[in-house]
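Right, I'll just put the structure down here and ask away after.
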Amino acid sequence: MLLEKCFCPRARLRRRSAGTPSVNTVGRYLVTITLTESDAAGSQSVEQSLTLDVVEAPAVGGTLRILTNYLPEAREDESFPFTRLGAAGGEAPYAFEAIGLPDGLSLGGTDTNWWISGSAEAGTSGEHVVILTVTDAAGDSESVSLTMMVSEAEDDVLGSTLTGTMLSPNLVGTSGACALGMPSGNGWLMVGTLVVMASACRRWPSRQRNTHE
């Protein structure tokens, strides 16, 4: 440690310690500082004891941490958006592990490049809790819990909307013409409905003529 002079307007002389502790010097040290003043009348000294703590240097790159904080939504039977995982701190390279991915999605990568890809299988719709864990070259690890949503395939959504719903047709007609309206509700089977309507359309003009006669 070195002492450097520092002149200050409020004091004739001030000194400070400076330098960098050597490797393997971690510990607590008792440092005694002595100030001696000399003038024509003589000299006098004063001492002050202080404690100096030397701690270990932080790991290169800082604390290991996972940078990925969001997972995009997936859809059944469709390619999952390519999602790269990120980490920082600790000692590279990193190794990732993923627990709780929906069936059809997988983790891949080497060294510092890791990603999630694939296609969520049918029947995996819903909310999934995915736990990502990263381990660095020094063996330190860090984990984070993220939520991934999987939605139903578009065909399944359309089918579930129409399943169990029958269309009940209404016959609307004028002389010599028929039209078909299709409000929702329970009704006949479509084949039987069309047959009945066709028959009604054929009889309608004759009824109109009989009425006029």
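Derivation of every value follows stated rules applied to the coordinates shown; laboratory data play no part. The model shown is predicted, which means the values in this text are computed figures rather than measured ones. Neighbour counts run over all protein chains shown; Cβ positions are idealised from the backbone, glycine included.
Starting from the Kirkwood radius over alpha-carbon pairs of the range 70-140, derive D by Stokes-Einstein at 20 °C in a medium of 1.002 mPa s and give it in µm² s⁻¹.
It comes out at roughly 166 µm²/s.
May I pose another question? What is the Rg over Rh value, at two decimals, for the range 18-150, using alpha-carbon atoms and the Kirkwood definition of Rh?
With Rg and the Kirkwood Rh in hand, the quotient comes to 1.43.
Compare the peptides 25-36, 85-96 by average per-residue count of other Cβ atoms within 10 angstrom and give them in order, highest first.
In descending order of packing, they fall as 85-96, 25-36.
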